[in-house]
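To start, the structure under review is shown below, and the notes come after it.
Coordinate-derived values only; no laboratory data. Because the structure is a prediction, the values reported are computed rather than measured. Ideal geometry is used to build each Cβ from the backbone, glycine not excepted, and the neighbour counts take in all protein chains shown.
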């Protein structure tokens, strides 16, 4: 059976797409790790005005603070997380658009004292001029992954 040049090109494209799908599936846990525990931020908290806390199952607590306030686009942000009741091996904050994919925006935080972690981040500008963001605090304890999402609006 002899394949024509267009059929060979189509076959090569199908193989390339299948390979990309397998690679994407294999590495997706690195970009979107599954949480063992998901916490809830306190109802009604506004990160534009003050730090927000969350209580985790088992009584552990964490607080997220982003400054300056109001939170701007395209400027350096100071991100701080304070944790009590658990020992964290790593802490990161992932920023994602609530209704639009804004790419990979994850910041690893460094230890800044007992239970405190800090780092610098920035939010890309949205073409609409305003956006609802989700800042998900991700904590690795060595035994479990914890995720706590916080929603906030920028540019409204």
Which of the peptides 85-96, 5-16 is most tightly packed, and how do the rest follow, going by the mean number of other Cβ atoms within 10 Å of each residue? 85-96, 5-16
Ranked highest first by average number of other Cβ atoms within 10 Å, how do 62-69, 105-112 line up? 62-69, 105-112
With each label point set 7 Å from Cα along the Cα-Cβ vector, what nm distance links residue 73 and residue 8? 4.8 nm
Using only alpha carbon pairs under 8 Å that are at least six residues apart, calculate the relative contact order of the chain and give it in whole percent. 22 percent
Anisotropy class of the chain from Cα gyration tensor, a/c 1.5 cut: prolate
Mind pulling up the Rg/Rh value for the stretch 50-107? Radius of gyration and Kirkwood radius, both on Cα. 1.00
Crossing angle, helix 5-31 versus the chain [Cα axis fit, 0-90 degrees, rounded to tens]: 20 degrees
